[in-house]
Amino acid sequence: MTDIELIDKIIESKKPSDIFTDEWKKEYLRYSKLIHPDTCSHSQASNAMAIVNAYKDIIENGTPYIDEAGAFKVFEKKIVYEITDDNRKLILKSVENYKKLKALNDKASVNFHRYLPESMLLAKDKITGKYIQLIINLKDRAVPLSQQKLPQIHVNWLFSRMFEFTLWLRQMNYSHMGLNPTTVFVVPETHGIIVINFYHMNELYKKANTISAKYKMWYPTTLFMEKIATPDIDLELSKKIALYLLGDKSSAGTKLKRDNDVNQEVLTFLLTKHQNIKDEYVQYRDLLAKNFEKKFYPLNL
């Protein structure tokens, strides 16, 4: 590959795996020799080298994010939390609830395990014996929904996946209780989702013990009156994520009524409170069939 071809490939890339393989250290050295601006006269050499260095940093150190358990780092197929005294209880609860879902082995559950991480591993300090790190392994490259704004066609797919996930949890007599842009990741190649944290998972129709403080305003008001985990909670949180992804970070949806790029029938659905979520899933799928062409749209993240 010539320096010109390499620079073009780098400039057009979206993620580290577009230019790096598992042999990324050797590739980094080779790329540096070819396109470093000290030796390459191409007008885009500096820009390309900056991208390569940024990808190297992502591979080595991950991309930082923050959720209610604190800071975590996202790699292409791995997520890492440092465990402290402040977040230990929350993280251990998440792992405990994750194991409950992974232990479900009926046909439906095995199918929905693809929406869960491959594994959640706790690493111990060899001296103190305390847990010091949570390593979440993913089967596919996934991207947090946090800080994302996506076209309607992609939000349709993602909301469908979240809707299906909430129906499965309902069937298993659980409510996730904490769906938000930091707990849900998208698999760009398939439009699939991976839910990475289970801090607040609760048995249905039991007292709701905890919720996400940052997203308190996203929960149905009935939760604060009844304090019971009900099936509609996960659906309402999923709708808020969809509104967030469409560009309304408040998730009130008001400003989207003036957005010509947002389908108003879908918006009305997202803004309507629903109780019978099984019937509403059929309604939503009919809505998509009526308003959108049935085809796969590549998601470049």
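The values are calculated or read from the model by the stated rules, or taken from the named source; none is laboratory data. Being a predicted model, the structure only gives us computed values, none of them experimental. Glycine also receives a Cβ, built like all others from the backbone with ideal geometry; neighbour counts cover every protein chain displayed. When the accessible area is computed, the model is the full protein with side chains, heavy atoms only, and any ligands, DNA or RNA have been set aside. Shrake-Rupley method; radii C 1.70, N 1.55, O 1.52, S 1.80 Å.
Does region 228-246 contain any residue that is open to solvent by 20 Å² or more (accessible area, probe 1.4 Å) and more than 26 Å from Y205 (Cβ to Cβ)?
yes
Please state which of the following conditions N202 fails to meet, knowing it meets all the rest: (1) closer than 14 Å to S238 by Cα; (2) crowded, with 20+ Cβ neighbours inside 10 Å.
Every listed condition holds for N202 apart from (1).
Table: residues versus (1) touching a strand residue (DSSP E or B) at 6+ places or on another chain (Cβ under 7 Å); (2) open to solvent by less than 60 Å² (accessible area, probe 1.4 Å); (3) touching a residue at least 12 places away in the same chain (Cβ under 8 Å); (4) aliphatic (A, V, I, L, M).
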residue	(1), (2), (3), (4)
A71	yes, no, no, yes
L90	no, yes, yes, yes
A103	no, no, no, yes
V110	no, no, no, yes
E118	yes, no, yes, no
D125	yes, yes, no, no
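I need the full set of residues from region 6-57 which are open to solvent by 80 Å² or more (accessible area, probe 1.4 Å), under 20 Å from V143 (Cα atoms) and among the acidic types (D, E), in order please.
E12, D22
Pull up region 159-182, narrow it to residues that are farther than 13 Å from K240 by Cα, in a helix (DSSP H, G or I) and among the aliphatic types (A, V, I, L, M), then point me to the one that is least open to solvent (accessible area, probe 1.4 Å).
L169
Could you please give the count of residues in region 269-281 that are part of a helix (DSSP H, G or I) and open to solvent by 80 Å² or more (accessible area, probe 1.4 Å)?
Within region 269-281, residues that are part of a helix (DSSP H, G or I) and open to solvent by 80 Å² or more (accessible area, probe 1.4 Å) number 2.
I'd like the full set of residues that are in a helix (DSSP H, G or I) and open to solvent by less than 80 Å² (accessible area, probe 1.4 Å), limited to region 255-267.
L256, Q264, E265, V266, L267
Out of everything in region 138-156 that is in contact (Cβ under 8 Å) with a residue 60 or more places away in the chain and open to solvent by 40 Å² or more (accessible area, probe 1.4 Å), what residue ends up being farthest from S250 (Cα to Cα)?
If we filter region 138-156 for residues that are in contact (Cβ under 8 Å) with a residue 60 or more places away in the chain, which is where we start, we get 138-146, 148-156.
Adding the requirement that they be open to solvent by 40 Å² or more (accessible area, probe 1.4 Å) leaves 139-140, 149, 151, 153.
Working: K139: 32, D140: 30, K149: 13, P151: 17, I153: 21 Å.
Looking at the filtered set, the residue picked out is K139.
Is at least one residue of region 180-199 in contact with a helix residue (DSSP H, G or I) (Cβ under 8 Å, 6 or more places away or on another chain), hydrophobic (A, V, I, L, M, F, W, C) and without any contact (Cβ under 8 Å) to a residue 60 or more places away in the chain? Walk me through how you get there before you give the answer.
Applying the first criterion (in contact with a helix residue (DSSP H, G or I) (Cβ under 8 Å, 6 or more places away or on another chain)) to region 180-199 yields 180-181, 184, 186, 191-195, 197-199.
Of the ones still in play, those that are also hydrophobic (A, V, I, L, M, F, W, C) are 184, 186, 193-195, 198.
After this cut, where a residue has to be without any contact (Cβ under 8 Å) to a residue 60 or more places away in the chain as well, the list is 184.
Within region 180-199, one or more residues are in contact with a helix residue (DSSP H, G or I) (Cβ under 8 Å, 6 or more places away or on another chain), hydrophobic (A, V, I, L, M, F, W, C) and without any contact (Cβ under 8 Å) to a residue 60 or more places away in the chain.
Among the listed residues I79, I66, which satisfies the condition of being at negative phi, open to solvent by 50 Å² or more (accessible area, probe 1.4 Å) and not in a helix (DSSP H, G or I)?
I66
What residue, of D8, D38, D18, is modelled with pLDDT under 85 and more than 19 Å from the chain's Cα centre (by Cα)?
Going through D8, D38, D18 in turn, just one is modelled with pLDDT under 85 and more than 19 Å from the chain's Cα centre (by Cα): D18.
Is it true that some residue in region 129-136 is open to solvent by 80 Å² or more (accessible area, probe 1.4 Å), over 18 Å from the mean Cα position of the chain (by Cα), modelled with pLDDT under 95 and of a type outside the set (S, T, N, Q)? Steps first, please.
If we filter region 129-136 for residues that are open to solvent by 80 Å² or more (accessible area, probe 1.4 Å), which is where we start, we get 130.
Applying the additional criterion that residues be over 18 Å from the mean Cα position of the chain (by Cα) yields 130.
Okay, now just the ones that are also modelled with pLDDT under 95, so 130.
With of a type outside the set (S, T, N, Q) added as a condition, the list becomes 130.
Yes, because at least one residue in region 129-136 is open to solvent by 80 Å² or more (accessible area, probe 1.4 Å), over 18 Å from the mean Cα position of the chain (by Cα), modelled with pLDDT under 95 and of a type outside the set (S, T, N, Q).
From (1) outside any helix (DSSP H, G or I); (2) in contact with a Phe, Trp or Tyr (Cβ under 7 Å, 6 or more places away or on another chain), pick out the condition that doesn't hold for V52.
Among (1) outside any helix (DSSP H, G or I); (2) in contact with a Phe, Trp or Tyr (Cβ under 7 Å, 6 or more places away or on another chain), V52 violates only (1).
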